[in-house]
There are 2 protein chains.
Amino acid sequence: MKTLTVNLQERSYPIHIGQGLLGDETFLTPHIHGTQVLVVSNETVAPLYLDKTLSALRGHQCETVILPDGEQYKTLDTVTLIFDALLQHRFDRQCTLIALGGGVVGDITGFAAACYQRGVNFIQLPTTLLAQVDSSVGGKTGVNHPLGKNMIGAFHQPQCVLIDTHTLDTLDDRQLAAGLAEVIKYGLIQDADFFAWLEVNMAALRQRDATALTHAIERSCQCKADIVAADEREAGQRALLNLGHTFGHAIEAGMGYGTWLHGEAVGAGMLMAADLSHRLGDVSAEELQRTRALLQAAALPTRIPKAMNSERFLELMAVDKKVQAGVIRLVLLKHIGAAYVSDDYDPNRLRETLDAFHHAAR
Amino acid sequence: MKTLTVNLQERSYPIHIGQGLLGDETFLTPHIHGTQVLVVSNETVAPLYLDKTLSALRGHQCETVILPDGEQYKTLDTVTLIFDALLQHRFDRQCTLIALGGGVVGDITGFAAACYQRGVNFIQLPTTLLAQVDSSVGGKTGVNHPLGKNMIGAFHQPQCVLIDTHTLDTLDDRQLAAGLAEVIKYGLIQDADFFAWLEVNMAALRQRDATALTHAIERSCQCKADIVAADEREAGQRALLNLGHTFGHAIEAGMGYGTWLHGEAVGAGMLMAADLSHRLGDVSAEELQRTRALLQAAALPTRIPKAMNSERFLELMAVDKKVQAGVIRLVLLKHIGAAYVSDDYDPNRLRETLDAFHHAAR
């Protein structure tokens with residue numbers, strides 16, 4: 001078992017990573033105040049892990065809310081279902097919400113916890129690789145709006161994050177690949193050694209080698225924890241974590257939430273960011289090719305949907321949270337392992353990237 | 001013009017109190033970052049003060065959302081209207097929301113600002129006495145749920161609060177009285193001298209004497225600012241500001257939001273708290289009578305609706321945010337000018353208070 005810490009003064013919290021943590025109350029109960037616990041999960045995850053989770057919560061007043069599965073349900077209406085349950089069961093300010101599932105369950109549950117009675121405790125039990133290496137750490141919570149992804153939300157840190165690597169055994173290949181996109185992201189933005197490690201170990205990761213997966217999760221969480229500790233509210237450095245996300249959000253919104261998985265869209269988006277960085281004279285042709293090859297090795301898409309032409313991209317990117325005064329701010333790469341934020345790139349190069357990907361689309 | 005400061009380190013902000021501030025850009029524009037401004041108001045206030053407000057915002061991209069007027073619209077659905085407008089106009093993270101109206105407009109707008117893109121700037125332009133002396137200061141934002149008042153919300157401090165006392169000229173008598181309830185509250189919980197001043201000056205306040213109103217607003221805001229600075233997130237002392245609110249929320253919810261004004265319900269609720277405090281052996285019979293007399297002088301209700309019997313009260317009070325582990329925590333009085341929070345009172349005395357008020361109800 002490994003334990004990392006997200007250092008945020010009085011809001012600091014541990015990330016425990018290990019096998020079989022879900023049924024172990026040792027790591028869960030110290031973070032529950034009061035007796036009332038609401039476990040939020042979805043129709044896919046609950047049949048697999050809800051009983052085990054509840055077995056670690058004996059002695060508490062446990063209620064459950066089971067959501068439909070999918071990004072298309074990451075809406076204010078779904079959050080309302082959680083509020084209804086909390087109030088029907090008369091949950092008070094000392095209650096704890098537990099998110100058992102992937103990134104969508106975590107984001108929705110965290111946002112409900114941020115808003116219920118102006119903020120109650122919550123705990124993340126991420127069951128997908130993407131949630132384990134990215135969305136469960138750092139306190140970003142929220143839901144989508146028809147006009148933009150994650151447009152409604154709050155910063156609300158969990159009490160702890162419990163990562164049971166056994167849950168990856170039941171994850172389908174597509175979801176595993178989506179998680180690997182965010183793992184690759186850490187290599188691209190700040191850790192060239194980790195990128196090289198991933199090039200060597202991608203096959204092992206896809207075969208779910210426990211040692212390799214644990215290492216990738218730990219390294220990813222440490223990277224995320226460091227960045228969040230340095231910049232909790234995304235005043236600067238934290239924005240680097242959005243590499244590929246502005247392109248990716250446009251694909252998700254343009255295709256309809258849930259059609260492309262978030263990690264798939266981010267995978268293609270990172271390649272677009274690398275392509276633009278290459279056109280801007282930074283990333284070398286060899287690095288661009290290494291990026292493409294690693295994404296392909298992870299079984300991630302490296303082409304965009306045909307429906308996404310350049311106009312549609314620009315329109316959808318214009319409502320991204322990274323927009324300031326109408327200019328689309330992008331995370332770009334100097335080289336593998338070094339990213340930066342810019343709103344001062346040549347827009348013609350962006351257009352070339354969009355056109356090139358549309359031309360190659362299928 | 002008077003200026004007070006709410007001291008909250010990097011979230012500190014000024015409260016400006018004066019005549020004719022609404023049309024004056026001097027106090028407004030320094031707190032607007034970026035160029036995009038959304039003014040949220042309601043159907044009652046907008047015809048009176050929207051043009052004047054917009055005249056102080058020349059040079060900005062100003063959009064407006066006009067809500068229906070009333071506590072019954074303080075819902076998540078109404079907040080969604082604001083999100084829709086922000087996204088339709090492609091407002092970015094640097095935008096500013098301005099709440100022009102009473103407490104309902106301020107609470108809804110502040111909550112929208114707290115959640116839009118995980119938090120954007122907002123400014124309070126309170127136009128009712130209640131909003132000026134209470135709800136616009138301190139960063140409590142939120143909306144109601146059918147099962148409880150202010151159950152969904154966030155702490156989100158404004159950039160500044162601009163109180164134009166001229167706006168009280170158009171306030172109807174019932175709304176003025178509702179605001180006076182919160183003014184009286186400050187006297188009851190911590191300022192016996194102010195309570196005595198109110199006993200002398202209540203007639204002047206009801207006649208809208210400008211000097212008396214300005215003094216009452218300033219004293220109230222200073223009291224609120226001090227308490228908020230000492231306890232921003234209501235870990236302790238700030239709870240005293242809820243005097244009368246647990247009883248009052250039950251009346252508001254029980255009668256249907258908007259039937260009783262919030263201040264009216266708090267007025268009756270404070271008398272119930274004083275009555276219970278008297279039964280518990282603290283507040284004297286004379287002090288109880290002074291409290292009743294001051295509320296009556298302010299034209300506030302001192303009786304409860306006949307429909308609110310003791311069972312209904314207890315049921316509705318049980319979902320209040322002040323509940324912990326099933327016990328209803330109440331703000332009670334030692335004497336005029338000294339309040340405390342308790343969950344250790346004799347519940348039989350609470351029952352006596354509820355029964356006595358129900359018996360006297362009409």
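A short reminder: the numbers here are calculations on the coordinates, not readings from a lab. Note that the structure is predicted; figures quoted are calculated from it, not measured. A quick note on method: Cβ atoms are made from the backbone with ideal geometry, for glycine too, and the neighbour counts reach across all protein chains shown.
The alpha carbon convex hull volume per residue for the range B:198-360 rounds to 120 Å³.
Under conditions of 10 °C and 1.306 mPa s, the range B:157-243 yields 115 µm² s⁻¹ as its translational diffusion coefficient, taking Rh as the Kirkwood radius over Cα pairs in the Stokes-Einstein equation.
Ordering B:ILE82, B:LEU129, B:GLN117 by the projection of their Cα atoms onto the charge dipole of the range B:77-149, which places +1 on the Cβ of Lys and Arg and -1 on the Cβ of Asp and Glu, puts B:GLN117 at the extreme positive end. Annotation: the antiparallel percentage among DSSP beta bridges lying fully within the protein assembly as shown is about 45. Taking a ≥ b ≥ c as the square roots of the eigenvalues of the Cα gyration tensor of the range B:276-362, is the shape rounded (a/c under 1.5), prolate (a/b larger than b/c) or oblate? Judged from the Cα gyration tensor, the range B:276-362 comes out oblate (a/c at least 1.5, b/c at or above a/b). Packing order of peptides B:103-113, B:209-219, highest average first: B:103-113, B:209-219 (average count of other Cβ atoms within 10 Å over each peptide's residues). Binning all Cα-Cα separations of chain A at 20 Å, short to long from zero, yields these whole-percent fractions: 32, 58, 10, 0. Across peptide A:75-82, the average count of Cβ atoms from other chains found within 10 Å of a residue's Cβ is 2.
Say R0 is 41 Å: what FRET efficiency, to the nearest 0.05, do B:ALA196 and B:ASP51 get from their beta-carbon distance? After rounding to 0.05, the efficiency reads 0.50. Directionally averaged projected area (the range A:217-267, Cα convex hull): 4.0 nm². Residue pairs exceeding 21 angstrom between C-alpha atoms, taken from B:LYS140/B:LYS334; A:LYS74/A:LYS149; A:LYS185/A:LYS334: B:LYS140/B:LYS334. The long axis of helix B:103-115 is offset from the longest Cα principal axis of chain B by roughly 60 degrees. Dipole magnitude for the range B:115-253: about 420 debye, using +1 per Lys or Arg Cβ and -1 per Asp or Glu Cβ, origin at the Cα centre. How far is helix B:76-88 tilted, in degrees, relative to the longest principal axis of the Cα atoms in chain B, given as a value from 0 to 90 rounded to the nearest 10? Relative to chain B, helix B:76-88 is tipped by roughly 10 degrees.
Listed by chain and number, the aspartates and glutamates whose alpha-carbon sits under 14 Å from that of B:LYS321, ignoring those within fewer than 8 places in the same chain, are A:ASP92, B:GLU234, B:ASP343. Dividing the summed -39500 (n - 2.57) terms of all DSSP H runs of n ≥ 4 by the residue count of the protein assembly as shown sets its mean residue ellipticity at 222 nm at -13500 deg cm²/dmol.
Projected label points at A:GLU311 and A:ALA338, each 7 Å from Cα along the beta carbon direction, are separated by 4.0 nanometres.
Across the protein assembly as shown, what fraction of all alpha-carbon pairs, as a whole percent, falls in each successive 20 Å bin from zero upward? Percent of pairs per bin, in order: 17, 46, 29, 8, 0. About the centre of its Cα atoms, the protein assembly as shown shows a dipole size close to 80 debye [charges on the beta carbon of Lys, Arg (+1) and Asp, Glu (-1) only; nearest 20 debye]. Taking amide H positions as modeled 1.01 Å from N, with prolines and chain starts lacking one, the residues under 5 Å from B:ILE98 and 5 or more places away or on another chain are B:LEU38, B:VAL39, B:VAL40, B:ILE123.
Taking Cβ atoms as reference points and 12 Å as the exclusive limit, the residues near B:GLY18 contribute a net charge of -2, counting Lys and Arg as +1 and Asp and Glu as -1. Normalised by the number of residues in chain B, the average gap of Cα pairs under 8 Å and 6 or more apart makes the relative contact order 15 percent. Each principal axis of the Cα atoms in the range B:2-170 has its own extent, and those three values, largest first, are 40, 37, 32 angstrom.
Using only side-chain charges placed at the Cβ, +1 for Lys and Arg and -1 for Asp and Glu, the dipole size of chain A relative to its Cα centre rounds to 260 debye. Relative contact order of the range B:203-345, taken over Cα pairs closer than 8 Å and 6 or more residues apart, is 24 percent. Annotation: peptides B:86-93, B:156-163, ranked by per-residue average of other Cβ atoms within 10 Å with the highest first, follow the order B:156-163, B:86-93. Comparing B:ALA265, B:ALA203, B:ALA235 in a Gaussian network model of chain B, where Cα atoms under 10 Å apart are tied by springs, the biggest mean-square fluctuation is seen for B:ALA235. The mean number of partner chain beta-carbon atoms within 10 angstrom of a residue's beta-carbon across peptide A:137-146 is 2. As I understand it, the value is the acute angle between the Cα axis of helix A:262-279 and the longest principal axis of the Cα atoms of chain A; what does it come to in degrees, rounded to 10? The two axes meet at around 30 degrees.
When only alpha carbons are used to place a centre, the range A:63-130 and the range A:285-321 end up 31 Å from one another.
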